[in-house]
Amino acid sequence: MTTAHSLLVEELTLGYKDRAVIDSLDLAIPAGQITAIVGANACGKSTLLRSMSRLLAPRSGRVLLDGKEVHRLPSKQVARTLGLLPQSPIAPEGITVSNLVGRGRHPHQKMLSRWSKEDDEAVAAALEATRTVELADRPVDELSGGQRQRVWIAMALAQRTDLLLLDEPTTFLDVNHQVEVLDLLTDLNHSSGTTIVLVLHDLNLAARYADHLIALASGRLHAAGPPEEVLVPETVHAVFGLHSQVITDPTSGKPLMLPIGRHHNAVGAGR
Amino acid sequence: MSIATVETVAHGRKRSARRRRVVIGVLATLIVLAFAATLMIGKTFYPPGDVVRVILGENVPGASFTVGRLRLPRAVLAVVAGACFGLAGVTFQTMLRNPLASPDIIGISSGASAAATFAIVMLSLDKTGVSVFAIVAGLAVSLLVYVLAFKDGVVGTRFILIGIGIAAMLDSLTTYILDQAAEWDVQEAMRWLTGSLNGTKWSEVVPVVIALLVIAPVLLSQAGNLTMFQLGEDTASALGVRVDRTRLVAIVGAVGLIAFATAAAGPIAFVAFLSGPIAARLVGPNGSLLVPAALVGALLVLVADFAGQFLFGTRYPVGVVTGVLGAPYLVYLIVRTNRVGGSL
C-alpha cells in the first residue's frame with residue numbers, strides 16, 4: 001500500500017542566527033526502512049529532522065522529496081506524504097483522544113469540507129494499531145505518559161503518510177514504554193512499508209530497531225550504514241567522546257554498546 | 001480495522017458536533033430574544049407588533065422615534081460590536097494558545113483608547129476623525145507588539161507580556177491627556193475608556209456591520225487552520241498548515257474587527273477576553289470556537305447593556321457592567337494559570 005519515496009539531503013547547512021548547526025550535510029534516507037539518527041546533545045539531530053519536514057528553511061543546500069525541493073512544495077501536499085511528530089507536541093486542554101487523532105486528517109481535508117467515511121476509518125485504524133481504542137473518548141490530559149505517546153503516534157498514523165519522522169519519541173518514557181513505542185513503529189514499518197526516521201537518544205535501542213544508523217557529530221555526518229558497521233567503539237568515541245566496548249546483543253544479534261567509565265575496565269576486551 | 005471502532009470514532013465525532021449545534025442554536029435564540037426585549041422594553045413599553053411595524057418601515061407614532069432611532073441602532077451595534085470583540089478575542093487566544101492573549105489585555109484596545117483621547121482632547125477632531133485615529137492606532141500598536149515580540153517566530157507568552165507592558169504605557173498616556181483636558185472633552189473621552197452604546201447613531205453602526213461582513217468570512221475560512229495552532233506551531237506546520245500566512249491573516253483580521261468595533265462603541269471591557277473561554281466551556285474542547293465565541297460576545301454586550309440601563313438605580317455604560325463581570329475572571333485565570341499552566 002506504500003509507494004517508495006526518496007528523501008535526500010544535499011549539502012544542507014542549517015542554523016539559527018549566526019550559529020551553524022548542520023554544516024554541508026549529504027544523506028540519503030533508505031525507502032521502506034527504519035533509520036535512526038544518533039549523536040550527542042546539540043549535534044543538530046532535531047534541527048535536521050525539522051528541516052527535512054519543512055519546518056526550518058535551509059541556509060544553503062536542499063532537502064529533496066522525490067527529487068523536488070521540499071521547501072518549495074505546497075505544505076498540504078508535503079503533509080500527505082511526510083509526517084512529523086515533534087519532540088513535545090501540545091494537546092489542548094480537555095481534548096479527547098479521538099478528536100486529537102482526527103486532527104491528523106487535516107492535510108487530507110479541503111476547506112469547509114465534511115468528514116468523510118475515509119477519515120473515520122483512518123482514525124479507527126490508527127487507534128487500533130496503537131491499541132488506544134479503549135481510550136477514544138478519554139481526555140488526553142488524563143492519560144499516562146506511555147498512553148499519551150501512543151495517542152500522538154496514532155495522530156501521525158491517521159495522517160497516513162508514507163514517510164514518518166519522529167523526534168525522540170521515547171524520551172520521558174519508562175523503559176517498557178520505550179520498547180512498546182519502538183515495537184509499534186516496527187509493526188508499522190513491517191505491515192505498511194512506511195519509511196521511518198527517528199531521532200533516538202539510546203544507542204542500543206537505536207542499533208536494535210534501526211535498519212540504518214546515521215551518526216552525527218557537531219553538525220557533520222560521521223558515519224552512516226547498518227548498525228553493525230556504525231556502532232563500533234571508534235564511532236562512539238568520535239561522537240560521544242566515550243570509551244566503550246561493543247558486543248553482540250544475545251537477544252537480537254545486533255551490536256550492543258557498553259560504556260567504559262573511569263572506574264570500570266573492560267574485562268577480556270581489546271580496550 | 002473493525003467496524004465497531006469506526007463506529008466509536010464516528011459516534012464521538014457526531015456527539016461533539018451535536019453539542020456544538022445545540023450550543024450555537026441556543027445562543028442564537030437567546031440573542032434574538034434579548035434583541036427583541038431591548039427593542040420593546042424601556043421607559044415606555046412597545047408591544048411586539050409595534051416593533052415589527054417599525055422595523056418594516058411603517059410610521060408608528062412614538063415608536064418610530066424611540067424604537068427606530070434610539071433602540072434599534074443601539075441594539076444592532078451591541079450585537080455586531082459584541083460579535084467583533086468575541087471573534088477577535090478568540091482568534092488571538094486560539095492562535096497564541098493562551099486566554100490572556102486577548103486584544104483588550106495586550107494593548108490593542110489601549111492603543112485605540114489613547115489615540116481617541118488624544119484626538120478628542122488635543123486635536124478636537126469630530127467623531128469620524130476620532131474613529132479613524134483610533135483604528136489606525138489599534139493597527140499600529142498591534143504591529144509594534146508583533147515586531148517587538150518577534151524573535152525566531154512569535155511565542156505566545158512573550159507577545160502577551162510585551163502587550164501588557166505597552167498597554168500600561170498607553171494607559172498612563174491616556175491619563176496624562178485626560179489630566180490636561182477641558183471638562184467637556186473629558187465626558188466625550190470617557191466613552192473611549194469604558195465603552196458605551198449611549199446615543200448610538202446609524203452612521204456609527206454601518207461601518208462596524210461592513211467590517212464584520214467583510215472580515216468574519218475571512219477569519220472563518222481559517223478556522224480549521226487556527227484550530228491546528230492549538231497543537232503547537234510545529235505540529236500545525238507538520239499537518240500542512242501554512243503557519244505564517246494563517247497567523248498574518250488572523251492578526252490583521254482580528255485587529256481590524258477590534259479597531260472598527262472600538263471606534264463605534266469604545267473598548268467594551270473584557271468582552272474579547274471573556275467570550276472565548278465561555279464558548280470553550282459551552283462547546284467543549286473538540287473544535288473551532290470562532291462562531292460560538294462571536295455569539296457569546298454579541299449576547300454578552302446585549303445583556304450587559306440592557307442590565308446597565310435598567311437593572312440599577314442609575315444608568316451605567318455597558319463597559320462598566322462587563323468590567324465587573326470580567327475582572328474577577330481575570331484574577332481567577334491568573335491564579336489558575338500559575339498552578340496548571342494555561343491553554344484555551
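The values are calculated or read from the model by the stated rules, or taken from the named source; none is laboratory data. This one's a predicted model, so the numbers in the text were calculated from it and none came from an experiment. Positions of Cβ are backbone-derived with ideal geometry, glycine not excepted, and every protein chain shown enters the neighbour counts. What goes into the accessible areas is simple: the full protein's heavy atoms, side chains included, and nothing from ligands, DNA or RNA. Shrake-Rupley method; radii C 1.70, N 1.55, O 1.52, S 1.80 Å.
The table for this structure:
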| item | result |
| --- | --- |
| Aspartates and glutamates with Cα under 18 Å of A:K110, excluding same-chain neighbours fewer than 8 positions away | A:E118, A:D119, A:D120, A:E121 |
| Å³ per residue enclosed by the Cα convex hull of region A:116-190 | 95 |
| Stokes-Einstein diffusion coefficient of the protein assembly as shown, Kirkwood radius over Cα pairs, 20 °C, 1.002 mPa s, in µm²/s | 79 |
| Whole-number percent relative contact order across chain B, with pairs defined as alpha carbons under 8 Å at least 6 apart | 29 |
| Residue-averaged beta-carbon neighbours from other chains (10 angstrom radius) around A:92-105 | 6 |
| Residues of region B:281-312 buried by at least 50 Å² on assembly (accessible area, 1.4 Å probe, chain alone as reference) | B:P285, B:N286 |
| Occluded residues from region B:1-35, i.e. those whose accessible area drops by 20 Å² or more once the chain is not alone (1.4 Å probe) | B:M1, B:T5, B:V6, B:T8, B:V9, B:R13, B:R15 |
| Accessible surface of chain A, 1.4 Å probe, proportion on carbon and sulfur as whole % | 50 |
| Computed lengthening from B:R245 to B:L144, 0.36 nm per intervening residue step minus Cα-Cα distance | 34.5 nm |
| Separation of the B:L325 and A:E142 label points, Cα + 7 Å toward Cβ, nm | 3.1 |
| Cα centroid of region A:211-245 to Cα centroid of region B:266-284, whole Å | 54 |
| Region A:26-104 and region B:193-262: distance between their alpha carbon centers, rounded to Å | 30 |
| Tensor-based shape of region A:70-223 (alpha-carbon gyration tensor, a/c under 1.5 rounded, otherwise prolate or oblate) | oblate |
| Accessible solvent surface per residue of chain A, calculated while the other protein chains remain in place, 1.4 angstrom probe, Å² | 45 |
| Interface residues, region A:155-188 - accessible area loss of 10 Å² or more versus chain alone, probe 1.4 Å | A:M155, A:Q159 |
| Interface B:A - total buried accessible surface [probe 1.4 Å, Å², rounded to 100] | 3100 |
| Area of A:F240 that stays accessible when all protein chains are in place (1.4 Å probe, Å², to 10) | 80 |
| Apportionment of accessible area to carbon and sulfur, region B:82-340, percent (1.4 Å) | 70 |
| For the protein assembly as shown, share of DSSP beta bridges that run antiparallel, in % to the nearest 5 | 60 |
| Helix-only CD estimate at 222 nm, as mean residue ellipticity for the protein assembly as shown, using -39500 (n - 2.57) per DSSP H run (n ≥ 4) | -18000 deg cm²/dmol |
| Accessible area expressed per residue, region B:82-340, with surrounding protein chains retained (probe 1.4 Å, Å²) | 39 |
| Dimensions (Å) - region B:139-297, Cα atoms, principal axes, largest first | 57, 35, 27 |
| Dimensions (Å) - chain A, Cα atoms, principal axes, largest first | 64, 42, 34 |
| Spatially proximal lysines relative to A:K45 (Cα-Cα < 29 Å; intrachain offsets below 8 disregarded) | A:K17, A:K68, A:K76, A:K254, B:K151 |
| FRET efficiency, 1/(1 + (r/R0)^6) with R0 60 Å, evaluated for A:L258 and B:W184 via beta carbons | 0.10 |
| Efficiency of FRET from Cβ geometry, B:S64 and A:E229, R₀ 56 Å, rounded to 0.05 | 0.05 |
| Per residue convex hull volume, Cα atoms of chain B, in Å³ | 156 |
| Inter-label distance, nm, simple model (7 Å from Cα along the C-beta direction), A:R131/A:R59 | 4.5 |
